[in-house]
Amino acid sequence: MTHVPLITIIIPTYNQADWLREALHSVLAQRVTDWEAIVINNHSADHTESVVAEINDPRIRLITFANHGIIAASRNIGITEARGQWVAFLDSDDVWHADKLETCLPHLTDDTDIVTHGVHFWDGSRILRDWLPGPERQAQLRNLLFEGSAMSPSATIIRRSLLQQVGGVSEDAALRSAEDYELQLKLVKAGARIRFLPLMLSKYRIHPGQQSKSAERHMQASLLAVRMHYDSLTDRSWRDALRFRRRLASLHYGAGRLYQEAGDQISARRFFTRSLRQWPLLPRNWVALVLSLIPRGPTKAPHDRLPVLINGLHAKSGGGVTYLRNILGDLADDHRLEIHLLLHEDQYTLFGEPPEGVRLHLLQFKTGFLRLLLWEQFALPILAREMLAVVTFSPANYGPFAAPNPVILLRNSLAVVQRDKRLSKRVYWGMLALATALSLITCRRAIAVSDYARRSLSFGLPDSIVKRVEIIHHGIAPAFTPDASVRREQSTLLAVCDIYVQKNLHTLIKAMALLQAHQPSARLLIAGRIIDPDYHGELLRQIEHLNMGAMITFLGGCSQERLIELYRSCTVFVFPSTIETFGNPLVEAMACGAPIASSNTSAMPEVVGDAARLFDPLDTQAMAEAISGLLDDPAARAELSRRGVERAQQYSWKQTAAKTADVLVDAARRD
C-alpha cells in the first residue's frame with residue numbers, strides 16, 4: 001500500500017537551478033521525514049531537471065508546467081497533486097532551517113489550520129534583517145486587512161482541505177506579487193485558526209534591486225487585494241473607512257520608501273504625495289516627502305557601513321533594557337554603522353520590533369547562567385563571523401572574548417558581593433568579576449557609564465588597559481518632563497528599582513518605621529520588577545513584622561507612561577541603593593521635577609550633583625531624617641525640583657548614542 005505523507009512541500013521554480021539545489025538540500029536536512037516534495041518547473045532553460053535527478057530521492061517529484069508568469073498557477077498545480085494532510089510552501093530561492101518541520105510538527109493539531117513562523121531576510125551570504133509573524137491579533141480579518149500581511153509563504157504550513165475550500169491561490173494577473181497576501185485574507189475570512197511561532201526557521205532571499213524594481217507592482221496588487229476584501233466587508237463602520245484610507249496611505253508610503261532607498265527621488269516623491277492625499281496626518285509621510293526634495297550626492301552603499309553586532313543577551317531587566325531601547329534607533333541612523341541586534345527569543349516581549357534599520361536576530365537555546373556563558377563564548381563568535389560583523393558590542397560587563405573587535409559596557413557594580421552573604425550569590429558575583437576582568441583585558445574598547453564605574457571595575461589593571469575605557473553617561477527619554485498642571489500628592493514617597501538586595505529597600509523600610517511617629521500619613525510606593533524572589537520575600541516578612549502593610553505598596557513593573565505619572569505626582573523620590581554605577585531612575589526623576597533624597601555612595605553624587613539631599617544608605621536614622629526634612633520643607637523641595645530639571649538637561653540618549661558610535665568605529669580601526 002502506498003504511504004500517504006503527512007506534509008506536501010510545494011516548490012515552484014524557474015531558472016534557479018543552483019538555488020533550487022540549496023532549497024532541496026534544506027528539505028532533505030529536516031529531521032522529520034514524513035513528507036513529499038513537488039517541484040513545479042516552469043519550463044526552465046537551465047539545469048533544473050538535472051538538479052532534481054541527481055538528488056534522486058523518491059519523495060521528490062518533478063512536474064513541468066507553463067505558468068505564463070503566474071506563480072499562483074504553479075502553486076495550485078502543487079495543491080492539486082498534493083497527497084499530504086498539510087501543505088508547506090517553499091520558494092526555490094529560499095531555504096529552511098533543519099529543525100523547521102520538527103519545530104512545527106507539535107502544532108499541526110486538530111484545532112489548528114495554519115502554522116507560521118519568522119524568517120531571516122538574507123542575500124545569500126549574510127542575514128540582512130529578521131521578520132516575525134503575527135501577533136495573534138493580526139489573524140483577525142480587519143487587522144490583517146488594515147495592517148498588512150502576517151505570514152511569509154516559505155514560512156507557512158496550511159491544512160490542505162482549507163486551501164481547497166478557499167479555491168487555492170488566486171491566479172488573477174492583477175494580484176501578481178500580492179497573491180500570498182490575498183490568500184491570507186481568504187483563509188482568515190474562512191475562519192482559519194492560526195498558530196504563530198516567534199521563531200526564525202527559514203531564510204528568505206533578497207535579490208539586489210528586487211524590492212525597488214517591484215515596488216509599484218506590489219503596491220498596486222496589494223491595493224487591489226485590500227479593495228476587494230474591503231468591499232466585501234459587512235457592517236462597515238466609519239472606523240473601517242478611516243482605517244481603509246490609512247492602509248492605502250501606508251501602501252503608497254511603503255512604495256515611496258523603497259524608491260527613496262534605491263535613489264529614485266522623483267518616483268519616491270510621487271508616492272509620498274499620493275500617501276498624503278489619502279492620510280495627511282502621519283508625520284513620517286511629511287518627513288519622507290521633505291527628505292525626497294533635498295538634493296543628494298552619491299549614496300553610500302549599505303555594505304560600506306561598518307557591520308556591528310550588538311549582543312543584547314544580557315539585557316533582561318532595568319537599566320540594560322532601558323539602555324538598548326533608547327540608543328538602538330540613533331545607532332541605526334548613524335550612516336557609518338549597520339546594526340544587528342542579537343536577542344534570545346524570550347527577550348522579544350521586552351523589546352518588540354526594533355527601530356527601523358536595526359536587523360533583529362532571535363536565538364533559541366536553553367537559558368541559564370552557565371548555558372548562556374558557554375553559548376556566548378563559543379557559539380556567538382562563530383555566528384558573528386558568519387554575519388561578517390566587524391565589531392561586537394556587548395552592553396554588559398563581559399562579552400565573548402573571541403568575537404570580532406569586542407567592545408563592552410561597564411555598567412554592573414561588583415561591590416554588591418560585600419552586601420550579599422548567600423553562598424550561591426557570592427559564587428555568581430565572583431564569576432561575574434572574573435568574566436569582567438577577562439573581558440576588559442581582551443576587549444578593543446570599553447565604555448563606562450560613570451567615572452565611578454571606570455574606577456571600581458578596573459581591578460587595578462595597568463593604564464594601558466584602563467585607557468581603553470571611555471566614560472559615556474546614560475541619557476534620558478524626551479518624554480520625561482515636568483508638568484506644572486499635575487499637583488504633587490501629600491506625604492507620598494516613591495522608589496523606582498527592580499527588587500534585589502543592592503537596592504537597599506530593607507533599610508528604607510526601617511526608615512519608614514522611624515517616620516511613622518512624625519509623619520503618620522506617609523506612604524511608600526515601590527515600582528519595579530521582582531528580580532530576586534528570596535529578597536522580595538524577606539521584605540514582605542519585614543513589612544509584616546513592623547506592621548507597615550498599609551504604608552507600603554509594591555506596584556510591580558510599570559510602563560514608561562505610568563512611571564512619568566509617578567515621578568510627577570510624588571512628594572519625594574527616594575533612592576536608597578548602596579551601589580550603582582549610574583542610576584537611570586535618578587535622571588528620570590530629576591527630569592520630571594521630583595524632589596530627590598538619595599544615597600551618597602558610588603555614582604549617585606556624580607549623577608545628581610547638587611540636585612538631591614544626600615544620606616548614608618546604611619544609616620537608617622540619617623535616611624529617615626533626610627526624607628522627613630524634605631516632607632516638612634516645601635521650599636527645599638521646590639529648590640531641588642528646579643535644580644533637578646536643570647541638571648537633567650545634561651543627559652541625552654542621542655548624545656549617548658553618538659559617543660557610543662564613535663567608540664564602535666574606533667574599535668574597528670585600532671591596531
ask   = Between a first residue in region 243-257 that is touching a residue at least 60 places away in the same chain (Cβ under 8 Å) and a second residue that is of a type outside the set (A, V, I, L, M) and crowded, with 23+ Cβ neighbours inside 10 Å, which pairs have beta carbons less than 8 Å apart while being 6 or more apart in sequence or on different chains?
value = Ser250/Ser275
request  = Please enumerate the residues belonging to region 492-528 that are surrounded by 15 or more Cβ atoms within 10 Å (Cβ to Cβ) and in a loop (DSSP other than H, G, I, E, B).
outcome  = Cys497, Asp498, Tyr500, Asn504, Gln519, Ala522, Gly528
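Take the residues in region 155-185 that are of a type in the set (Ser, Thr, Tyr) and in a helix (DSSP H, G or I), then tell me which one is nearest to the chain's Cα centre (by Cα).
Per the criteria, the residue is Tyr181.
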message = Taking the criterion of being farther than 25 Å from Ile447 by Cβ and in contact with an Asp or Glu (Cβ under 6 Å, 6 or more places away or on another chain), would at least one residue in region 610-632 satisfy it?
response = yes
key: The listed residue being over 36 Å from the mean Cα position of the chain (by Cα) and modelled with pLDDT of 95 or more, out of Val27, Val39   = Val39
inquiry  = With the requirement that a residue be surrounded by 14 or more Cβ atoms within 10 Å (Cβ to Cβ) and over 23 Å from the mean Cα position of the chain (by Cα), what does region 473-490 give you?
reply    = Thr481, Pro482, Val486, Arg488, Glu489
message = I'd like to check something: does region 586-600 contain any residue that is surrounded by 23 or more Cβ atoms within 10 Å (Cβ to Cβ), of a type in the set (D, E, K, R), out of contact with any strand residue (DSSP E or B) (no Cβ under 7 Å at 6 or more places or on another chain) and in a helix (DSSP H, G or I)?
response = yes
request  = May I ask you to list the residues in region 312-331 that are aliphatic (A, V, I, L, M), at pLDDT below 90 and touching an Asp or Glu at 6+ places or on another chain (Cβ under 8 Å)?
outcome  = none
task = Please list, ordered by first then second residue, the pairs with beta carbon atoms under 9 Å, 6 or more apart or interchain, first in region 149-175 and in the same structural domain as Phe121 (by TED's automatic domain parsing) and modelled with pLDDT of 90 or more, second among the hydroxyl-bearing types (Ser, Thr, Tyr) and not in a helix (DSSP H, G or I).
result = Ala155/Thr116; Ala155/Ser202; Ala155/Tyr204; Thr156/Thr116; Ile157/Thr116; Ile158/Thr116; Arg159/Thr112; Arg160/Thr8
task = Inspect region 570-583 for any residue being part of a helix (DSSP H, G or I) and either of a type in the set (Asp, Glu) or closer than 19 Å to Val501 by Cβ (or both) and give the result as yes or no.
result = no
request  = Name the one entry in Ile79, Ile55 that is within 19 Å of Leu24 (Cα to Cα) and free of Cβ contacts under 8 Å to residues at least 40 places away in the same chain.
outcome  = Ile55
key: Index of the failed condition, Val188 passing every other in (1) surrounded by fewer than 20 Cβ atoms within 10 Å (Cβ to Cβ); (2) more than 26 Å from the chain's Cα centre (by Cα)   = (1)
message = Whether any residue in region 50-64 is assigned by TED's automatic domain parsing to the domain that holds Asp172 and within 34 Å of the chain's Cα centre (by Cα) is what I want to check.
response = no
key: Enumeration of residues in region 539-563 that are assigned to a helix (DSSP H, G or I) and surrounded by fewer than 16 Cβ atoms within 10 Å (Cβ to Cβ)   = Leu540, Arg541, Glu544, His545, Gln560, Glu561, Arg562
task = Determine, yes or no, whether Ala45 is at pLDDT 95 or above and aliphatic (A, V, I, L, M).
result = no
request  = Identify the single condition in (1) within 30 Å of Ala190 (Cα to Cα); (2) in contact with a Ser or Thr (Cβ under 7 Å, 6 or more places away or on another chain); (3) not aliphatic (A, V, I, L, M) that Thr80 does not satisfy, given that it satisfies every other one.
outcome  = (2)
request  = Would you point out which residue out of Leu423, Leu461 is within 29 Å of Tyr535 (Cα to Cα), surrounded by fewer than 19 Cβ atoms within 10 Å (Cβ to Cβ) and more than 26 Å from the chain's Cα centre (by Cα)?
outcome  = Leu423
ask   = Scanning region 201-214 for residues that are under 24 Å from the mean Cα position of the chain (by Cα) and more than 16 Å from Ala88 (Cα to Cα), which turns out modelled with the highest pLDDT?
value = Arg205
ask   = With region 363-457 as the region, which helices (runs of 4 or more DSSP H) entirely inside it contain at least 1 residues that are closer than 15 Å to Ile310 by Cα and at pLDDT 90 or above?
value = 380-386
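The values are calculated or read from the model by the stated rules, or taken from the named source; none is laboratory data. These numbers come from a predicted model, not from an experiment. Every residue, glycine as well, gets a Cβ built from its backbone with ideal geometry; the counts of neighbours run over all protein chains shown.
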